Structures are given as structure tokens and as C-alpha cells.
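Visitor: Next up is a structure, given as C-alpha cells.
The values are calculated or read from the model by the stated rules, or taken from the named source; none is laboratory data. Predicted model only: the values in this text are computed from it and were never measured. Note: ideal-geometry Cβ built from the backbone for every residue, glycine included; neighbour counts use all protein chains shown. Accessible surface areas use protein heavy atoms only, side chains included; no ligands, DNA or RNA. Shrake-Rupley method; radii C 1.70, N 1.55, O 1.52, S 1.80 Å.
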Amino acid sequence: MRASLIQIAVDEGESAEARRRRAASLVRQQAGAADLVVLPELWTTGAFAYEAFAAEAEPLEGPTYELMAKAASDAGVWLHAGSIPERDPEGPLYNTSLVFSPSGDLAAAYRKIHRFGFDQGEAVLMGAGRELVTVRLPGTTLGVATCYDLRFPELFRGLVAHGAETLIVAAGWPERRRAHWTLLARARAVENQAFVLACGTAGTHAGVAQAGHSVVVDPWGEVLAEAGSGEQVLTVEFDPARVAATRDQFPALKDRVLGLEPPTGA
Ligand SMILES: O=C(O)CCC(=O)C(=O)O
């Protein structure tokens, strides 16, 4: 399987609409080069451009959906189109990732579960998703996560319990915590014996320099490919069968002990 991670630059000098068209063109350029294409988190606005969330929010089947569905079918690829600020007509905004099949049909939508910002930003401006999302592809099952989710290993264990073998993390991770990004991507791969495809953004928006350094990690925790800090398409070939082989040869996942007793005593 070949995957292309599109580490698009999000800068204020470019409008959301211009970036949308540029992203669609980058997806189309992956025709024949990749089976699976991944875009990052909130790339129309930038993950830290809080004031733009409401202004640029769109219904699930809005302009990004339309362009990305078409780009997926034009390129004949599975497309994780990153996330959009989704306006739910009956609820709050959500940070929602869209996954399209090669025929351009929506295969899954994932509303980010762990919102970033503590008592500000996304954490107060957006609602929290409650549902794990996996997507069955020929040869592997994707588990879908977004940015800050990377810090919560139980979410990934949940995805693995539902069959995930290739964990996709769409992010807008800041440069100042880049060391955590790489470390956590490798940790999630090792502990779940899964591929991790982590796609971030480049550029600077809302005064926050983005880490870039999108990374693909194998089930043994080895980095197969890593981007630099600028805009880049990172293409990598990987063998999804290595997940089952790694889990067979080193069956640590089978040794999980669940439902432990709480501590007793004072
Ligand atoms: O956890 C972090 O350090 C970054 C998370 C983040 O930027 C996000 O979820 O948007």
C-alpha cells in the first residue's frame, strides 16, 4: 500500500477557498502514486485560528466535502481529507474528519473526541465527539484520530479493539511541542503494534508555528518516513500484513489485563 501525507502549509496570506482548491489539486496529483491520501487537521482555517472557526464552519456536506469527494474519485484514492470545522444544524461546531472512498463516497466522518485548549480555544468553541471511527479498506482497517487525541492511549486501544491496524492522526501540532509529536506517534505504534500515519500542517497561523514533521511509523516503532517543517507531500510504501506478523511474533497485545481491582486500604 502506498500512502501520501499532504503536509499543507496554512498561512493567513491564503484564503480558505484558495487553500481548498490547492489541496484538491494536490490530492489529484497523487493519482497513480498513492492508494491512500491524508490531509491534516483544520487545514482550511488552521487549528489555532479560533476566530475563524465559526466564520469558516460548513455543514458536513459543504464546500470542502464536495471538492474532496470529487478529488478522491478523480484520483481514484482513499482520501482522509483531514478535518473541517463542521456546523451541525442542531448542535455546536465539531472538528470533523472526512474519509472518502475512491469512488468519492463518504466512508466515515469522525468528530474529534479530545478537544484542545483546556478552558479556551477549541475546548470551548467546539463540541466533543463520542464515537470511535474505523474504516475498512482492502488490506487494512484504518483507525481515525485527530491531533490532541494522540495524547490519549485509551482511544487508540479502543480503535485496535475494533480492528484498527493503520492509525491515522490528522493534526495541526505546534512546533514548540514537536518532540512530543514524534515520541507519541512512535509510542502509539509500538504499544498497539500498528502503523501510524501522522499528518500535520506546515506554516504559521494565529502566531503559532506549526511543527510539520509528518511521520509514518511501522508496528515495531521504526520511522519509515518523516517530513521536514515546510509544505511537503510525504509518500511511503508499507505492507499492512506486517501488523498481523508483528502481533503474531511478539504477542504483547494478548497479555493485556483488563478490569483490574481498585486499590484497597487507606
Ligand atoms: O497536544 C498538543 O500539544 C497539541 C494539540 C493540538 O494542537 C490540537 O489538538 O489542536
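Visitor: Might you check whether a residue that is open to solvent by 60 Å² or more (accessible area, probe 1.4 Å) and more than 10 Å from the ligand (Cβ to nearest atom) occurs anywhere in the stretch 149-159?
Guide: yes
Visitor: Would you pick out the residues in the stretch 1-57 that are open to solvent by less than 10 Å² (accessible area, probe 1.4 Å) and touching a His at 6+ places or on another chain (Cβ under 9 Å)?
Guide: If the condition is that a residue be open to solvent by less than 10 Å² (accessible area, probe 1.4 Å) and touching a His at 6+ places or on another chain (Cβ under 9 Å), then Gln7, Val10, Leu36, Val37, Val38, Leu39, Gly46, Ala49 are the ones that fit.
Visitor: How do the pairs read when you match residues in the stretch 176-204 that are closer than 19 Å to Val38 by Cβ and touching a residue at least 24 places away in the same chain (Cβ under 8 Å) with residues anywhere that are open to solvent by 10 Å² or more (accessible area, probe 1.4 Å) and in a helix (DSSP H, G or I), using Cβ under 6 Å and keeping only pairs 6 or more apart or on different chains?
Guide: Close Cβ pairs satisfying both conditions: Asn192/Val160; Val196/Arg188.
Visitor: Sticking with this structure for a sec: Condition first: out of contact with any strand residue (DSSP E or B) (no Cβ under 8 Å at 6 or more places or on another chain) and crowded, with 17+ Cβ neighbours inside 10 Å. Now tell me which residues in the stretch 169-186 satisfy that. Explain how you work it out, then say what you get.
Guide: Restricting attention to the stretch 169-186, the residues satisfying the condition of being out of contact with any strand residue (DSSP E or B) (no Cβ under 8 Å at 6 or more places or on another chain) are 177-180, 183-184.
Arg178, Leu184 - these are the residues of the stretch 169-186 that are out of contact with any strand residue (DSSP E or B) (no Cβ under 8 Å at 6 or more places or on another chain) and crowded, with 17+ Cβ neighbours inside 10 Å.
Visitor: Looking at Thr96, Thr140, Thr166, Thr64 in this structure, which one is touching a strand residue (DSSP E or B) at 6+ places or on another chain (Cβ under 9 Å), open to solvent by less than 10 Å² (accessible area, probe 1.4 Å), at pLDDT 95 or above and within 15 Å of the ligand (Cβ to nearest atom)?
Guide: Thr96
Visitor: Also, quick follow-up: Hey, could you check the stretch 99-135 for residues that are within 13 Å of the ligand (Cβ to nearest atom) and of a type in the set (A, V, I, L, M, F, W, C) and say which is nearest to Glu165 (Cα to Cα)?
Guide: Out of the qualifying residues, it is Ile113.
Visitor: Report every pair of residues separated by at least 6 positions or lying on different chains whose Cβ atoms are under 7 Å apart, first residue within the stretch 85-96 and over 19 Å from Trp43 (Cα atoms), second open to solvent by less than 10 Å² (accessible area, probe 1.4 Å) and of a type in the set (A, V, I, L, M, F, W, C).
Guide: Final answer for the pair search is Pro92/Met126.
Visitor: Closer than 20 Å to Ala209 by Cβ and under 19 Å from the mean Cα position of the chain (by Cα): which single residue out of Leu5, Leu60 fits that description?
Guide: Details: Leu60 fails: closer than 20 Å to Ala209 by Cβ.
Being closer than 20 Å to Ala209 by Cβ and under 19 Å from the mean Cα position of the chain (by Cα) holds for just one of Leu5, Leu60, which is Leu5.
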